[in-house]
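Beneath this line is the structure, given in structure tokens, with notes to follow.
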Amino acid sequence: MNPPISQTDFPGLQLLKRGKVRDMYDLGEHLLMVATDRISAFDVVMPDPIPDKGIILTQISLFWFNLMKSTVDNHVVSSRVEDYPKACRPYADALIGRSMLVRKAQPLPVECVVRGYISGSGWNSYKTSRQVCGIELPANLKESDRLPEPIFTPSTKEELGVHDINIDFEEAGRRIGRKLAERVRDLSLAIYRTGAALAEEKGIIIADTKFEFGLIGERLILIDELLTPDSSRFWPKATYTPGGAQHSYDKQYLRDYLLAIQWNKTPPAPALPEEVVRNTRQKYLEALRQLSGNSHGLG
């Protein structure tokens with residue numbers, strides 16, 4: 001287990017922004033994206049990082065970005081520190097395994113969510129209206145049931161600390177244009193189907209996930225992360241039983257702990273017990289190991 005990195009500070013590099021997890025640096029032609037060990041729940045960043053989480057997320061994303069290249073291009077230029085500009089070299093120890101040199105793109109202002117199973121906010125919406133983002137679903141579904149077909153359920157992309165809002169496809173079309181909305185919908189569903197099928201072969205159900213796309217001129221590419229335990233619900237296939245919440249390889253374990261202690265979901269977040277930190281790390285690591293067959297020396 002490596003010492004956790006909650007935040008990076010690289011003198012000489014221009015910090016562009018800090019997200020919930022990633023610190024972004026502007027290197028001129030490209031961006032440097034560094035996945036820290038921060039973890040958020042209910043859109044609030046926890047005070048305690050999860051050791052090696054940034055490395056695990058980066059390696060899972062790289063696995064999927066490489067696999068999906070034939071479907072859609074992505075923003076990755078390199079993940080090898082020796083390929084980065086010389087100004088990055090003094091920080092090699094902090095960058096190895098958890099960073100990517102990426103192309104600059106204009107992010108689309110919608111989150112592209114695909115659901116293959118009914119869970120989370122989708123389940124809450126279904127119980128109220130039998131719909132998710134305007135899509136009518138069959139009657140009598142149970143929590144965590146597999147849907148007849150994956151569905152595209154976009155959401156807004158809000159600022160840090162503000163909850164994203166589920167929207168229907170028509171609203172997504174109003175925000176980014178109908179033609180572009182159709183492109184990202186079709187790509188999102190294709191990526192999900194490919195990823196979910198491969199993950200299931202390896203014992204993981206990807207119940208739902210969200211993608212981010214960006215534009216370089218007219219060229220549409222995948223950005224940010226891809227099919228990770230931060231952006232997806234990962235369930236062990238071996239224990240999957242519809243009719244309630246599932247065991248998971250993602251941060252649902254952390255959410256369940258926070259719900260159990262009745263935290264009010266507003267800052268400041270509570271300190272996390274060592275056991276919760278350790279177990280969360282282990283769940284993320286198990287997802288990496290099962291998907292890629294490689295734990296990248298993390299245990």
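The values are calculated or read from the model by the stated rules, or taken from the named source; none is laboratory data. What you are looking at is a predicted structure, and each value in this text was computed from that prediction instead of being measured. As a convention, Cβ positions derive from the backbone with ideal geometry for all residues, glycine included, and neighbour counts pool all protein chains shown. Ligands, DNA and RNA are stripped out before the accessible areas are found, and what is left, the full protein with its side chains, is counted by its heavy atoms. Shrake-Rupley method; radii C 1.70, N 1.55, O 1.52, S 1.80 Å.
One Cα centroid belongs to the range 111-127, the other to the range 224-240; the line between them spans 14 Å. Surface composition of the range 129-202: carbon and sulfur make up 48 percent of the accessible area, probe 1.4 Å.
When Rg and the Kirkwood radius Rh are both evaluated on Cα atoms of the chain, their ratio Rg/Rh stands at 0.94. The alpha carbon convex hull volume per residue for the range 1-152 rounds to 154 Å³.
What FRET efficiency, computed as 1/(1 + (r/R0)^6) with R0 = 51 Å and r the Cβ-Cβ distance, is obtained for Lys237 and Lys104, rounded to the nearest 0.05?
0.85
Taking amide H positions as modeled 1.01 Å from N, with prolines and chain starts lacking one, the residues under 5 Å from Asn74 and 5 or more places away or on another chain are Leu222.
With 0.36 nm allotted per residue and the present C-alpha distance subtracted, the His247-Lys17 stretch has 79.4 nm of extension available.
Given R0 = 30 Å, the distance between the Cβ atoms of Lys127 and Ala197 translates into a calculated FRET efficiency of 0.60.
Accessible surface calculations at 1.4 Å, restricted to protein heavy atoms, place the range 136-203 at 55 Å² per residue.
Dipole magnitude for the range 1-156: computed about the Cα centre from +1 point charges on Lys and Arg Cβ and -1 point charges on Asp and Glu Cβ, it is near 120 debye. Each of the peptides 176-185, 83-92 was scored by the mean count of other Cβ atoms within 10 Å over its residues; in descending order, highest first, they stand as 176-185, 83-92. Estimated purely from DSSP H runs of n ≥ 4, each contributing -39500 (n - 2.57), the mean residue ellipticity at 222 nm for the chain is -9500 deg cm²/dmol once divided by its residues. Here the relative contact order of the range 79-230, from alpha carbon pairs under 8 Å that lie six or more residues apart, stands at 27 percent.
Averaged over its residues, the range 227-299 has an accessible area of 48 Å² per residue, based on protein heavy atoms and a 1.4 Å probe.
For the range 1-90, chymotrypsin sites (Phe, Trp or Tyr not before Pro) are listed when DSSP marks them as loop and at most 16 other Cβ atoms sit within 10 Å of their Cβ; the list is Phe42.
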